[in-house]
Amino acid sequence: MIAGLAVEALGLVTLSRIQTLPQAVLAASVVVVGTIVIWPASTALLTRLVPREAREHVYGLNFMLLNAGLGLGGLISSTLVDLESVASFQRLYLIDALAYAVYIVVLLTLPRGTGTLADAATEADGDGEPRAGQRPSWALVLRDRTLLWVVGVSTLAITFGYAQLEAGLAAYAVDVAEVPVRVLGWAYAANTAAIVVGQLVTLRLIAGRRRSSLLAVCAAGWSLSWVVIALAGATEGWLSAAAIVAGLGLFGAAETIWAPVAPAIVNDLAVAELRGRYNALHGMTWTFGSIVGPATAGMLLGHHLAGVWVAAVVGGTALAAVLFAGLRRRLTDAQDGVAARAGDHAGRPPGG
């Protein structure tokens, strides 16, 4: 995490000094390199810091705070940035880099040994014996057919869900539904509010319920949210605006299910030695979705095929809901989040 934070901070400092397009591409690439190191390590660290039964809660709280930070960061940046002043953007990037440096200091001051594999090595299998160590390798990860199923369906859900929020949604709202651009601000505010306000409530509601069913409900909720958003194209005036705001708020409510449940399944599938790789592979769903999703939206909406785009996002997330429901037969009760925690399998050899 420290290495990733340092690289991303360097990228942000570089962004504040760019003069040409190639420099911008290079600086952005450095930022991405740091990001892809931070997230798998961060999730694995959280997993090792809390008992197994608390993972869903810590993932959910982390997601809630992340979105609160995004909202607060947006407010702060809007007060600092002046479109007529390059220096204001430079200051913003430098302040952002400083925040990463503060995070590094926090990590350096944690008690020695925090989050090391030795802390997780005492997790027991169902027979009460500590798990035998395995030499980490991608071959072991890729032999886990259940993980590949989770990653594949997650990619489908992200591509036609999350990945459409920044590209497809904005284009549909403004160009097809013809709502004022300011409505998007209210819509994203509704999305953030649903997450920040609803996450703690969701954590109570999902406790002890099957994770496969919860992910199916999440994807179905995203499908329904796209149906509501699509109504904006069939109505006018305040009804169109209301559909966009309500739809994105509903999407945020479903996100509060995804945040604690998806990483909990992935980390319960993995033995401790492979958790970083499991999280990294699952994190690739965001990379793939963030490339294919906006490209698909641009192609369809750019060619005035709004109806096809609506069918794709509604159908894609609905299909993901069906496939997530089928995940139940691939998981043990413990991995599905319903078995008693004591003495249950926290993981199993990949390929099972």
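The values are calculated or read from the model by the stated rules, or taken from the named source; none is laboratory data. Not measured: the values here are computed from a predicted model. Every residue, glycine as well, gets a Cβ built from its backbone with ideal geometry; the counts of neighbours run over all protein chains shown. Areas reflect the complete protein model, heavy atoms only, side chains present, ligands, DNA and RNA absent. Shrake-Rupley method; radii C 1.70, N 1.55, O 1.52, S 1.80 Å.
Structure values in brief
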read-out	value
Test for ARG348: is it in a loop (DSSP other than H, G, I, E, B), touching a Ser or Thr at 6+ places or on another chain (Cβ under 9 Å), open to solvent by 10 Å² or more (accessible area, probe 1.4 Å) and at pLDDT below 95	yes
Single condition TYR59 does not satisfy, out of (1) open to solvent by 40 Å² or more (accessible area, probe 1.4 Å); (2) at pLDDT below 90; (3) touching a helix residue (DSSP H, G or I) at 6+ places or on another chain (Cβ under 8 Å); (4) not basic (Lys, Arg)	(1)
Unmet criterion (only one of (1) open to solvent by 40 Å² or more (accessible area, probe 1.4 Å); (2) closer than 29 Å to GLY185 by Cα) for ARG277	(2)
Residue list for segment 101-129, restricted to those being at pLDDT 85 or above and open to solvent by less than 50 Å² (accessible area, probe 1.4 Å)	ALA101, ILE104, LEU107
One residue from ILE265, ILE244 being among the β-branched types (Val, Ile, Thr) and either within 26 Å of GLY168 (Cα to Cα) or over 16 Å from the mean Cα position of the chain (by Cα) (or both)	ILE244
Residue, farthest from ALA157 (Cα to Cα), within segment 219-258, restricted to residues that are in a helix (DSSP H, G or I) and of a type in the set (Ser, Thr, Tyr)	SER240
Residue pairs meeting the criteria (Cβ under 9 Å; at least 6 apart or on separate chains; first over 19 Å from VAL228 (Cβ atoms), in segment 181-209; second part of a loop (DSSP other than H, G, I, E, B) and open to solvent by less than 50 Å² (accessible area, probe 1.4 Å))	ILE206/GLY337; ALA207/GLY337; GLY208/GLY337; ARG209/GLY337
First in segment 246-274 and open to solvent by 10 Å² or more (accessible area, probe 1.4 Å), second anywhere and outside any helix (DSSP H, G or I), Cβ under 8 Å, 6 or more apart	GLU273/GLY133; GLU273/GLN134; GLU273/ARG135; GLU273/PRO136
Residue within segment 83-98 that is within 30 Å of ASN267 (Cβ to Cβ), at pLDDT below 85 and in a loop (DSSP other than H, G, I, E, B) present	no
Considering residues of segment 307-325 that are among the β-branched types (Val, Ile, Thr) and closer than 14 Å to ALA297 by Cα only, the residue surrounded by the most Cβ atoms within 10 Å (Cβ to Cβ)	VAL313
Which numbered condition ALA6 fails, given (1) part of a helix (DSSP H, G or I); (2) modelled with pLDDT under 95	(2)
Extreme residue, farthest from the chain's Cα centre (by Cα), among residues of segment 27-41 that are at pLDDT 90 or above and over 12 Å from ALA3 (Cβ atoms)	ALA27
Given (1) polar (S, T, N, Q); (2) farther than 30 Å from ARG55 by Cα; (3) open to solvent by 10 Å² or more (accessible area, probe 1.4 Å), index of the condition THR202 fails	(2)
Criterion (in a loop (DSSP other than H, G, I, E, B) and among the β-branched types (Val, Ile, Thr)) met by exactly one of THR332, THR296, THR285	THR332
Per-region count, segment 62-100, residues touching a residue at least 12 places away in the same chain (Cβ under 8 Å), over 26 Å from THR256 (Cα atoms) and open to solvent by less than 40 Å² (accessible area, probe 1.4 Å)	1
Qualifying residues in segment 1-51 (those that are charged (D, E, K, R) and open to solvent by 40 Å² or more (accessible area, probe 1.4 Å)) - the one nearest to PRO111 (Cα to Cα)	ARG48
Subset of segment 162-195 (residues that are assigned to a helix (DSSP H, G or I), surrounded by fewer than 18 Cβ atoms within 10 Å (Cβ to Cβ) and within 19 Å of the chain's Cα centre (by Cα))	ALA189, ALA193
